[in-house]
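Read through the structure below, which is laid out as structure tokens, and then see the notes.
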Amino acid sequence: MDDYKMIEATDVHKRYGSLEVLKGVSLTVRRGEVVCIVGASGAGKTTLLQILGTLSAADSGHVRIDGIFTERLSDRELSDFRNRRIGFVFQFHHLLPEFTAFENVCLPGYIGRRDRGEVEAHARELIAMLGLEHRAGHKPAELSGGEQQRVAIARALINSPSVLLADEPSGNLDSRNREEIHRLFFELRDRLGQTVVIVTHDDSLARMSDRRIVMSDGCIVE
């Protein structure tokens, strides 16, 4: 971890109709930091993560990822930025059932129009690093929940993103697989220098993180 500010959010507001979901949220995440965002349901955690990931736009305020102000990008630039700079991991894996694990990992690289050989070589490296070599040719229905989530993490990493964002990444797993996924995020930080922001209700994961951010009623309170 170093002092480079990989994520900077400043005075971010978001409203849905009459409901103010984010009330001037500001936070900074350094490169190589693993940060957990915790809080009760409805606190605004997932909305904040979606704005950091450019899946949703703030009503006001600024978001800068790896030195780039995302609100200044056109829709096309934003789509390319999201593909190349941000990796997403969700509670439900969203793997495409008709493709193998290997093909699922490669897809964001193909979508980003990167060299096919380069994408596939990187996919093999990630699959090996995550201990999935023997499962690479299997389709999602043939994989356990923990294996599916590791495939989803490899897919999120295929374009070497600046930031990995995870929303309840272990919420759908049994205790053994949950612990493995938790350790994996820290291995990615140690081996790849990956910056990770995780929304979670899991106290054990939050305690492992470099920093725990607590949200309540649309604000950061701790």
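The magnitude of the dipole of the chain, with charges of +1 and -1 set on the Cβ of Lys/Arg and Asp/Glu and taken from the Cα centre, is near 220 debye.
Scanning residues 5 or more positions from Val89 or on other chains, those with amide H under 5 Å from its amide H are Leu165, Ala166, Asp167, with H placed 1.01 Å from N in the peptide plane.
Just checking the listed ones, His13, His122, His138: in the Gaussian network model of the chain with Cα springs under 10 Å, the one fluctuating most is His138.
Between Glu133 and Asp59, the simple spin-label model (points 7 angstrom out along Cα→Cβ) gives 5.3 nm. May I ask for the distance between the Cα centers of the stretch 1-57 and the stretch 104-153, given as a whole number of Å? That distance is 28 Å.
Each stretch of four or more DSSP H residues adds -39500 (n - 2.57); spread over every residue of the chain, this sum gives -11000 deg cm²/dmol at 222 nm. Which lysines, if any, have their Cα less than 24 Å from the Cα of Lys14, not counting same-chain residues under 8 positions apart? Correct list for Lys14: Lys5, Lys23, Lys45. In the stretch 12-171, the portion of solvent-accessible area held by carbon and sulfur atoms comes to 50 percent [1.4 Å probe, whole percent, DNA, RNA and ligands not counted]. Once both labels are positioned 7 Å from their Cα atoms along Cα-to-Cβ, the gap between Tyr16 and Ala121 label points is 4.4 nm. Estimated at 0.36 nm per residue, the fully extended path between Arg211 and Arg113 surpasses their Cα-Cα distance by 31.7 nm.
Of the trypsin sites (Lys or Arg not before Pro) found in the stretch 46-128, those that fall in a DSSP loop while having at most 10 other beta-carbon atoms within 10 Å are Arg113. What the Cβ-Cβ distance of Arg191 and Glu222 gives, at R0 = 41 Å and to the nearest 0.05, is a FRET efficiency of 0.85.
Given the options Glu20, Glu120, Glu147, state which has the largest fluctuation in a GNM of the chain using a 10 Å cut-off (strictly under) for Cα springs. Top of the fluctuation ranking is Glu20. Using a Gaussian network model of the chain in which every pair of alpha carbons under 10 angstrom is joined by a spring, one finds that among Gly32, Gly145, Gly131 the greatest mean-square fluctuation is at Gly131.
The values are calculated or read from the model by the stated rules, or taken from the named source; none is laboratory data. The model shown is predicted, which means the values in this text are computed figures rather than measured ones. Every residue, glycine as well, gets a Cβ built from its backbone with ideal geometry; the counts of neighbours run over all protein chains shown. Surface areas here come from the heavy atoms of the whole protein model, side chains and all, with no ligands, DNA or RNA. Shrake-Rupley method; radii C 1.70, N 1.55, O 1.52, S 1.80 Å.
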